[in-house]
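Peer 1: Dropping the structure in here first, questions after.
Rule-based calculations on the coordinates, nothing more; no lab input. Keep in mind that this is a model prediction, so the values were computed, not measured. Heads up, the Cβs are rebuilt from the backbone with ideal geometry, glycines too, and the neighbour counts pull from every protein chain shown.
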Amino acid sequence: MDELNQSTNADSVNSIENNQDILHDYADIRWQMATLEAKLKEIEPMAIKQALDIVSQGEAANAKRVVYRTDTVDIVLQLRTYKPSPQDHPDLETLKEFINLETEKAFQLNRDAIAKLEREIAVLEASLVGLKQTDDGLEYVAQYEELVTQLTTQKPILSVKLK
C-alpha cells in the first residue's frame, strides 16, 4: 500500500512538472511574440518606405502593388484613407465650430416647431413599436433571452503580463 501511495505521489509530481513545462512554453512564446511585434513595429516605417520606392519606380510585380514575393508570402502595398480630425487641423476645428453655432441658431429659431415634431415622433414611434409586436413575439423574445442566459458560459483564458 505504501508503494502505491509513493507511485501516486510521483505521478502527481510529474503531472505538475508537465503542466509547469507547458506554462513555461506558453509564457516563453508570448514573450517571443511581444519581442517580434516590437521589432516589427520598429522596422515597419522603413519597410513602407521601401515599398513606396518600389511602386514609384514601377517595379511592383503587378497592378496589385505586390512589392515582395516568396513561396510563402506576398507583401502588398495598400493605401488606407484616414480622415483628419478637427482637433488636429485648425481650419477644420473652426468650420466645426461654425457648424455647431449655426445648428444651435437654427434650433433656437425653430424651437417650438421642433418640440411639436419631437412629440409627434414619440407618439408615432410608440405606435409603431406596438404594431410590430405580438403577444407571441414578446413571449419568444423572453424565452430567447432566458435561453441565452442559460447557455452563457465562461471560457478560461490566460492573461500574460510581460515584464
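Peer 1: Restricting attention to the stretch 100-127, which residues are under 38 Å from the mean Cα position of the chain (by Cα), more than 30 Å from PRO86 (Cα to Cα) and of a type in the set (Gly, Ala, Ser)?
Peer 2: ALA122, ALA126, SER127
Peer 1: Which residue pairs have Cβ atoms closer than 8 Å, lie 6 or more positions apart in sequence or on different chains, and pair a first residue in the stretch 70-98 that is within 24 Å of ALA51 (Cα to Cα) with a second residue that is assigned to a helix (DSSP H, G or I) and among the β-branched types (Val, Ile, Thr)?
Peer 2: LEU77/ILE48; LEU77/ILE54; LEU77/VAL55
Peer 1: Right, something else. Return the only residue of VAL160, VAL76, VAL67, VAL55 being surrounded by 10 or more Cβ atoms within 10 Å (Cβ to Cβ), under 30 Å from LEU23 (Cβ atoms) and under 31 Å from the mean Cα position of the chain (by Cα). Working first, answer last.
Peer 2: Working: VAL76 fails: under 30 Å from LEU23 (Cβ atoms); VAL67 fails: under 30 Å from LEU23 (Cβ atoms); VAL55 fails: under 30 Å from LEU23 (Cβ atoms).
Sole residue among the options that is surrounded by 10 or more Cβ atoms within 10 Å (Cβ to Cβ), under 30 Å from LEU23 (Cβ atoms) and under 31 Å from the mean Cα position of the chain (by Cα): VAL160.
Peer 1: Within the stretch 63-84, identify whether any single residue is in a helix (DSSP H, G or I) and under 30 Å from PRO45 (Cβ atoms), and answer yes or no.
Peer 2: Going residue by residue through the stretch 63-84, those that are in a helix (DSSP H, G or I) are none.
For the stretch 63-84, residues in a helix (DSSP H, G or I) and under 30 Å from PRO45 (Cβ atoms): absent.
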